[in-house]
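The values are calculated or read from the model by the stated rules, or taken from the named source; none is laboratory data. On a predicted model such as this, the values are computed, not experimentally measured, just so you know. Cβ: placed from backbone, ideal geometry, glycine included. Neighbour counts: every protein chain shown.
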Amino acid sequence: MERLDLEIHKCALCYDAPCKKIYKNVDPERIIRALRFDNLKGAKLFINENYLVKNDNCGVKCPCKVDIDYILKNVAKSPYKKKKLDVDITTTFCGLKLINPFLLSSSVVGSTYDMCKRALEAGWAGVVYKTMCPFAIHEASPRFSTLKNWDNTFLGFKNIEQLSTHTLEEDCNSLKKLKEEFPDRIIIASIMGRNEQEWESIAKIVTESGCDAIELNFSCPNMELKKTGSDIGQDPSSVKRYTMAARKGTNLPLIAKMTPNITDIKIPARAAKEGGANGISAINTIKSISNINLDTLVPEPDVNGKTLVGGYSGRAVKPIALRFVTELANDSLLKNIDISGIGGIYTYKDAIEFLLLGATNVQLTTAIMEYGYRIIDDLILGLKIFMKENNFHKVSNFVGISKKCVVDSSKIERDTILLPKFNYDKCVGCGRCFISCEDGGHSAIKFEQETRKPHLDVTKCVGCHLCKQVCPNNAISIVEKRISKKTLE
């Protein structure tokens, strides 16, 4: 990784970062945070001509030992030109207007009035409150484990947590206060019952709290009680029956939250629509065993020597979530149902991918658990920059425009081969492309020992582009096209 990235990732994104006091006219923490969330153009907006004017004798040093001057100099010389970001980032979901497409998903990040209030004050469009139920919830401790990236950030995150431990009355009071204080934000109650009577009664109770919509939790993978959570979501008849029961208790929009722990997500989603659902949210967490402690030989989280198959989330699940959202968006039987995308969303780019594939909004949890509500700043800023640069004046201008590109395997074009090309100015001579092609590809790359440069054997290359994927310096591109040998036979 280049030095700039290395310096950026040294930063722990401190709370009340000390580096804010180093310079007079710039906030290094805000710039580095934008860079960490893949938003170089956004970071550029916070640089001015006097960005290296330091406060005299401030005495503050970066606790993470980041070379802040180096980062600021590189951002300042970025060629991006500031633009007026006059775009409309509002969107609609089940007839409700959102000030932006970003919601808290039903989880620990939206489980109390105080937490939700801080999130809404920070700029989130709304919250799907942590799932409420009429039965007692008994939680384990500890209940989280993680897979880590090289920089100690979450790659994957496993939890064995269940639902709200508050009473229905306490949670409904929180919903009521939030809606009263933030009338322009969307407050969604998430509920779960054990039978039709409970689904109907809970729907009625939360409706009286003044919330805007109700999400039906058919997807929690961690439930202690059988025939709840994802057990429901895997049974289309139960999904339809409980959606119909909730519909009897409310006239608010109903959103069915789907489980990914199923072969065909469209089947229960159709059942939810038939039962009266107005929207679908997807996905909940994926059943998993994340890792095993090789000292204790117990899978994590270790609860007195035992663990559960728990819910996996974080960056690693985004490709799976995008797949399910695409399948829902492309299903003709779900044509008029709104979709809320969930799963592995950290940056504005992640969020835009869900919107391009058909979601009208996105929900986040794991990224907030790692970095806090403040990530909304770069989600919004990055979205605005993307829209301005692509001449999208409204979010609705680009929702779903990429879903048509996902086709059945029989419809993909297979008659041409795109050949890779090596950029020797950028090539560092590591030989990674050669190793991967030789041992994991088609042995189509030759490597000169003296010059340490790769060369392509076009008679063997099939255009798989494994070499491009493994190159650590982006020195391989796709520029040449030729007809497949099969078409010449």
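General remarks:
- The residue that is farthest from Thr259 (Cα to Cα), among those in the stretch 293-340 that are touching a residue at least 12 places away in the same chain (Cβ under 8 Å) and basic (Lys, Arg), is Arg315.
- Looking across the stretch 71-113, the residues that are more than 18 Å from Ile376 (Cβ to Cβ), in contact with a helix residue (DSSP H, G or I) (Cβ under 6 Å, 6 or more places away or on another chain) and either surrounded by fewer than 16 Cβ atoms within 10 Å (Cβ to Cβ) or polar (S, T, N, Q) (or both) come down to Asn74, Ser78, Tyr80, Lys83.
- Residue match in the stretch 442-456 (condition: without any contact (Cβ under 8 Å) to a residue 12 or more places away in the chain and under 29 Å from Leu4 (Cβ atoms)): no
- The set of residues in the stretch 244-273 being within 27 Å of Ser288 (Cβ to Cβ) and crowded, with 22+ Cβ neighbours inside 10 Å consists of Ile255, Ala256, Lys257, Met258, Thr259, Pro260, Ile265, Pro268, Ala269, Ala271, Ala272.
- Selection count, the stretch 1-24, where residues are at pLDDT below 90, in a loop (DSSP other than H, G, I, E, B) and surrounded by 13 or more Cβ atoms within 10 Å (Cβ to Cβ): 2
- One residue alone among Lys394, Lys426, Lys421, Lys384 is surrounded by fewer than 16 Cβ atoms within 10 Å (Cβ to Cβ), touching a residue at least 12 places away in the same chain (Cβ under 8 Å) and under 30 Å from Lys84 (Cβ atoms), and that residue is Lys394.
- Within the stretch 114-155, the residues that satisfy the criterion of being over 22 Å from Asp377 (Cα atoms) and of a type in the set (Asp, Glu) are Glu139, Asp151.
- Taken over the stretch 290-315, the criterion of being within 18 Å of Ser141 (Cβ to Cβ) and assigned to a strand (DSSP E or B) is satisfied by Asn293, Val298, Pro299, Val303, Lys306, Gly310, Gly311.
One line per residue, one yes/no per condition, for (1) under 22 Å from Leu254 (Cβ atoms); (2) in the same structural domain as Gly343 (by TED's automatic domain parsing):
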site	(1), (2)
Leu85	no, no
Ala122	no, yes
Met132	yes, yes
Ala140	no, yes
Ser145	no, yes
Thr153	no, yes
Glu161	no, yes
Leu178	yes, yes
Glu181	no, yes
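- Search result, residues across the stretch 460-489 that are outside any loop (DSSP other than H, G, I, E, B) and modelled with pLDDT under 95: Ser477, Ile478, Val479, Glu480, Lys481, Arg482, Ile483, Lys485, Lys486, Thr487, Leu488
- Yes/no for Asp67 being outside the structural domain of Ala351 (by TED's automatic domain parsing), touching a residue at least 60 places away in the same chain (Cβ under 8 Å), surrounded by fewer than 21 Cβ atoms within 10 Å (Cβ to Cβ) and under 27 Å from the mean Cα position of the chain (by Cα): no
- Set Val362, Val399: member being touching a residue at least 60 places away in the same chain (Cβ under 8 Å), part of a loop (DSSP other than H, G, I, E, B) and buried (at least 19 other Cβ atoms within 10 Å of the Cβ): Val399
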